[in-house]
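Notes for the one structure printed next.
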Amino acid sequence: MNYEAALDASLQRLHDEGRYRTFIDIVRKQGHFPQAIWRRPDGTERDITVWCGNDYLGMGQHPEVLAAMHEALDATGAGSGGTRNISGTTIYHKQLEAELADLHGKEAALVFSSAYIANDATLSTLRLLFPGLIIYSDALNHASMIEGVRRGGGAKRIFRHNDVAHLRELLAADDPAAPKLIAFESIYSMDGDFGPIKDICDLAEEFNALTYIDEVHAVGMYGPRGAGVAERDGQMHRIDIINATLAKAYGVFGGYIAASAKMVDAIRSYAPGFIFTTSLPPAVAAGAAASVRILKTAQHLRDAQQTHARILKMRLKGLGLPIIDHGSHIVPVHVGDPVHCKMLSDMLLENYGIYVQPINFPTVPRGTERLRFTPSPVHDARQIDHLVKAMDALWRHCALNRAEVSA
């Protein structure tokens, strides 16, 4: 086989389809986020505003988070030195897991190197803990959940997105005595729509199924203490396993699950993705714990973020742009073509200093390509105004459809 030719063909396919992904080299300016510097391929630099980051609340710049990381770095050094089982558990890891368990009202929490690994490792390991487990997975679940369900082997059922009636049909068709688990998300990040948490929990009780929720795009953002949509909706106590991240609203790095002490102990003891992975650096764990602690009482940041999201949606809708609006903090603008999506992204960056990454297949289905904006409390009115005017000008220049996409 000609391996070089095969690689060339694979990469050329992405170019031909208009969905080859490029890295934008940016330098975040501490204390000035969402401002950053874009380093062009030719070595020149330009000031830009980041509009597609997942540091939803700007906590990656918070002085108390940085101070906690500096303290831990000075006290312990750079890395943890091992896996959690072999010299890699420190007081900072224990403090972080205590903060997370308290946040979600659970007996215990377990920190992983990312929420992707937490999903993959946990969902695949549950097959070992509950022989014959049937997993019911929402059709639009994140790739990490899909991988965990698939890699664990065993029976799975895919229910239509947020379709509780279809989920009921699938549950009712299976052996009542078989162990069952329903896996879904609280916010689906590409459309910004919410999962029907209460209805799914009701079905789980009726059919004696465990519940597994991904709150990655919701923790820090929703609920009185930022524990997510399940907390906001008063359903958190009905969820058996909560998965989330420390790398989005909390602005640091890592992922975790929160559950009963026995469930966490079993995952800790059986999951290869946990057992054989070096633990987070202590400085990272310390910064994440500080961020979680701060956001438990920082409702003003959540309120400001929601306000900015509503303003941006209202102004873009006023221009007739095709906004997908399900009431969350995520602002997707439908484009529907990968070439146009990349072109708009490039023009916003080069001509207006606005950085928003095109979202193409396989992240979203073909024909639903979009620009996905994530306004934060630290975006100001001037930056919002600049973005809206730029979008209006480009939509006119490219003669794109202004008919609104329904939610």
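Sorting the segments 351-360, 184-193, 126-135 by their mean number of nearby beta carbons within 10 angstrom, highest to lowest, gives 184-193, 351-360, 126-135.
Computed from phi, the 3J(HN,Hα) profile of segment 212-217 under the Karplus parametrisation 6.51, -1.76, 1.60 (θ = phi - 60°) reads 9, 10, 9, 10, 3, 8 Hz, with x in place of Gly and Pro. Here's the picture: charge each Lys and Arg Cβ at +1 and each Asp and Glu Cβ at -1 in segment 308-358, and of SER345, PRO358, ILE324 the one pushed furthest to the positive end of that dipole is ILE324. Of the residues TYR20, THR44, PRO63, the one whose Cα sits farthest towards the positive end of the charge dipole of segment 15-142 is TYR20 (charges of +1 on Lys and Arg Cβ, -1 on Asp and Glu Cβ, taken about the Cα centre). Here the 3J(HN,Hα) profile of segment 177-188, calculated from phi with Karplus coefficients 6.51, -1.76 and 1.60 at θ = phi - 60°, is 8, 6, x, 9, 9, 9, 10, 7, 10, 7, 10, 8 Hz, Gly and Pro shown as x. Between HIS340 and LEU7, the distance separating the two model label sites (each 7 Å from Cα on the Cα→Cβ line) works out to 3.5 nm. Across ARG293, ARG19, the residue with the most accessible area heads the list, and the full order at a 1.4 Å probe is ARG293, ARG19. The string of couplings for segment 222-236 from the Karplus curve (6.51, -1.76, 1.60, θ = phi - 60°) is 10, x, x, 10, x, 7, x, 5, 4, 5, 4, 8, x, 10, 4 Hz, one whole number per residue in order, with x for Gly and Pro.
The LEU73 and GLU45 beta-carbon pair, evaluated with R₀ = 30 Å, returns a calculated FRET efficiency of approximately 0.60. Taking amide hydrogens as placed 1.01 Å from N in the peptide plane, the amide H of ASP193 sits under 5 Å from those of TYR188, each at least 5 positions away in sequence or on another chain. Take a quick pass over the chain and tell me how many lysine pairs come in under 18 angstrom between Cα atoms, counting only ones 8 or more apart or on separate chains. Close lysine pairs found across the chain: 11. Considering only GLY152, TYR116, GLN383, and ranking their Cα positions along the charge dipole of the chain that arises from unit charges at the beta-carbon of Lys, Arg, Asp and Glu, the one farthest toward the positive end is GLN383. Shape analysis of segment 265-407 places it in the prolate category; the axes a ≥ b ≥ c from the Cα gyration tensor give an a/c of at least 1.5, with a/b above b/c.
Label positions at ALA172 and ARG150, each projected 7 Å from the Cα along the C-beta direction, are separated by 3.1 nm. For PHE159, the amide hydrogen comes within under 5 Å of the amide hydrogens of SER137, ASP138, ALA139, counting only partners 5 or more places away or on other chains and with H modelled in the peptide plane.
Average accessible surface for the chain: 43 Å² per residue, computed with a 1.4 Å probe over protein heavy atoms with every protein chain in place. Overall, the chain carries a charge dipole of about 300 debye about its Cα centre when +1 sits on the Cβ of Lys and Arg and -1 on the Cβ of Asp and Glu, all other atoms neutral. Shown is the FRET efficiency for ALA261 and ASN85, computed with R0 = 22 Å from the Cβ-Cβ distance and rounded to the nearest 0.05: 0.80.
Between VAL335, VAL264, VAL364, the Gaussian network model of the chain with springs among Cα atoms under 10 angstrom shows the greatest mean-square fluctuation at VAL364. Amide H contacts under 5 Å for ARG370: VAL335, GLY336, ILE359, restricted to partners 5 or more places along the chain or on a different chain, H placed in the peptide plane at 1.01 Å from N. For LEU129 and ASN54, the FRET efficiency from 1/(1 + (r/R0)^6), where r spans their Cβ atoms and R0 equals 35 Å, is about 0.70. For the chain, modelled as a GNM with alpha-carbon contacts under 10 angstrom, which of ASP303, ASP55, ASP175 fluctuates the most? Looking only at ASP303, ASP55, ASP175, the largest GNM fluctuation is found for ASP175. Average projection, convex hull of the Cα set of the chain: 21.7 square nanometres.
Please build a GNM for the chain, connecting alpha carbons under 10 Å apart, and tell me which residue among GLY79, GLY154, GLY43 fluctuates the most. Maximum among the listed residues: GLY43.
Across the accessible surface of segment 96-193, with the other protein chains kept in place and a 1.4 Å probe, carbon and sulfur atoms take up 56 percent.
The values are calculated or read from the model by the stated rules, or taken from the named source; none is laboratory data. Keep in mind it's a predicted model, so treat the numbers as computed, not measured. No Cβ is skipped: glycine too gets one built from the backbone with ideal geometry, and neighbour counts run over all protein chains shown. Accessible surface areas use protein heavy atoms only, side chains included; no ligands, DNA or RNA. Shrake-Rupley method; radii C 1.70, N 1.55, O 1.52, S 1.80 Å.
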